[in-house]
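What follows is a short report on a single structure.
The values are calculated or read from the model by the stated rules, or taken from the named source; none is laboratory data. Keep in mind it's a predicted model, so treat the numbers as computed, not measured. Cβ coordinates were reconstructed from backbone atoms using ideal geometry, including for glycine residues, and neighbour counts include every protein chain displayed. All accessible areas refer to the heavy atoms of the entire protein, side chains included, with ligands and DNA or RNA removed. Shrake-Rupley method; radii C 1.70, N 1.55, O 1.52, S 1.80 Å.
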Amino acid sequence: MIVLGLEGTAHTLGVGVIDGDFNVLADVRNSYTPEDGGIHPRDASQHMSSVMRESLDQALDEAAITISDVGLVSFSQGPGLGPCLRTVATAARTLALYNKKPLLGVNHCIAHIEVGKVLSGFTDPLVLYVSGANSQVIKLRDGRYRVFGETLDVGLGNMLDKFGRMVGLQHPAGPKIEELAREGSDYIELPYVVKGTDMSFSGILTAAYQKHESGARLEDICHSLQETSFAMLCEVTERALAHLKAGEVLLAGGVGYNKRLQQMASLVAEEHGASFDYPGKFMGDQGVMIAMTALKMHDAGVTMTVEDSVVDSSQRTDSIDVTW
Ligand code: AMP
Ligand code: MG
């Protein structure tokens with residue numbers, strides 16, 4: 001069965017197409033880049049409406065199928081920016097109803113995990129999920145993805161993007177900070193806030209900006225920002241790993257593209273004799289992860305009525321029954 005996955009929680013409209021064996025047939029991504037500042041929810045959702053038609057056409061072309069070949073339509077139900085979620089859910093409902101196909105809403109965070117599991121072959125990983133809005137350490141236990149530790153304020157990606165904005169880097173700043181950090185050498189002390197297995201990233205943002213205002217080299221601040229915040233993530237991951245005795249560690253979410261984070265997280269896994277992996281170019285937001293999760297749900301017999309397909313901008317990872 002062919003599955004269409006629509007992703008639209010924040011910056012990217014993604015249209016993914018997979019077959020019933022989880023092979024990727026199409027992966028179209030259309031990202032919105034704000035001219036200045038961060039993501040404006042209304043502008044991002046308008047971007048999604050304006051590129052919806054061409055993205056769908058392109059995905060069907062790439063997959064060499066027509067809409068009637070699709071057996072299941074899926075979309076990101078939450079969490080995310082309300083206007084974006086509503087735009088993409090409306091498109092998915094329309095496609096499903098008009099073409100008489102089943103519809104499934106998928107939790108975006110869980111989709112980041114499921115694509116990683118499919119591509120790595122991991123069956124029961126401890127997940128370090130770090131994206132723009134989310135930073136969580138997660139493991140499946142008794143039918144739910146349990147959050148063992150998470151940020152108490154901003155997500156790590158948003159913290160990096162905000163810092164970038166304050167010092168004049170274009171959105172998204174994460175990749176630029178990684179580049180600058182490679183040229184940094186001096187470690188500047190920044191607040192390191194881990195409480196049990198939870199983290200806080202707002203103090204480090206303020207402190208990093210203060211260092212910038214007082215004339216510290218941007219490369220050194222970026223280096224220190226990465227070293228400190230990634231060490232916080234790794235400490236929490238290691239604590240969960242030791243308690244849960246996981247044999248696999250999976251890195252997920254857009255911040256996972258960062259080579260230094262990949263290196264640090266893999267060292268933590270190695271020290272505990274666990275395997276380590278991450279889903280390559282499928283770390284960031286895209287429709288393939290939505291389609292893969294929907295296929296797993298569908299194979300397990302999950303169905304959804306249009307009434308149940310309302311979006312939930314704050315839908316929690318640990319609120320979904322994982323029956324697949
Ligand atoms: P997502 O929401 O999962 O698509 O992830 C988007 C976030 O990932 C944004 O906050 C980006 O700044 C961040 N990001 C992307 N690439 C990198 C990178 N190489 N290093 C750090 N952060 C990154
Ligand atoms: Mg994401």
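Before moving on, here are some points about what is shown:
- Size of electric dipole in region 9-57: Cβ of Lys, Arg +1 and of Asp, Glu -1, about Cα centre, debye, nearest 20: 160
- Estimated vicinal HN-Hα couplings, Hz - region 100-114 in sequence order (Karplus 6.51, -1.76, 1.60; Gly, Pro = x): 6, 10, x, 10, 9, x, 10, 6, 4, 5, 5, 4, 4, 6, 5
- Among the protein heavy atoms of region 1-83, carbon and sulfur supply 46% of the accessible surface, probe 1.4 Å, non-protein parts ignored.
- The trypsin sites (Lys or Arg not before Pro) found in region 241-295 that occupy coil by DSSP, while having at most 11 further C-beta atoms within 10 Å, are 245.
- When the Cα positions of 151, 181, 278 are compared along the charge dipole of region 123-280, 151 comes out farthest toward the positive end, with charges on each C-beta of Lys, Arg, Asp and Glu.
- Rolling a 1.4 Å probe over the protein heavy atoms gives the chain an accessible area of 41 Å² per residue.
- In this rough spin-label picture, where each label sits 7 Å from Cα along the Cβ direction, the residue 36-residue 239 distance is 4.1 nm.
- Ellipticity estimate at 222 nm from DSSP helix runs (n ≥ 4, -39,500 (n - 2.57)) divided over the chain, nearest 500: -14000 deg cm²/dmol
- Overall dimensions of region 1-125 by Cα: Rg and Dmax, Å: 14.3, 42
- Ranked by the mean number of other Cβ atoms within 10 Å per residue, highest first, peptides 290-301, 85-96 order as 290-301, 85-96.
- Assuming charge only on the beta carbon of Lys and Arg (+1) and of Asp and Glu (-1), the dipole of region 145-232 about its Cα centre is about 220 debye to the nearest 20.
- Stretchable slack from residue 316 to residue 68, in nm (0.36 nm times residue separation minus alpha-carbon distance): 86.0 nm
- Bridges between two residues of the chain, per DSSP, are antiparallel at a rate of about 55%.
- Computed about its Cα centre, the charge dipole of the chain is approximately 480 debye, with only Lys, Arg, Asp and Glu carrying charge at their Cβ.
- For region 6-63, the set of GluC sites (Glu not before Pro) satisfying both a DSSP loop assignment and a count of at most 10 other C-beta atoms within 10 Å is given as 35.
- Taking the 1.4 Å solvent-accessible surface of region 140-275 as the whole, the part contributed by carbon and sulfur is 48%.
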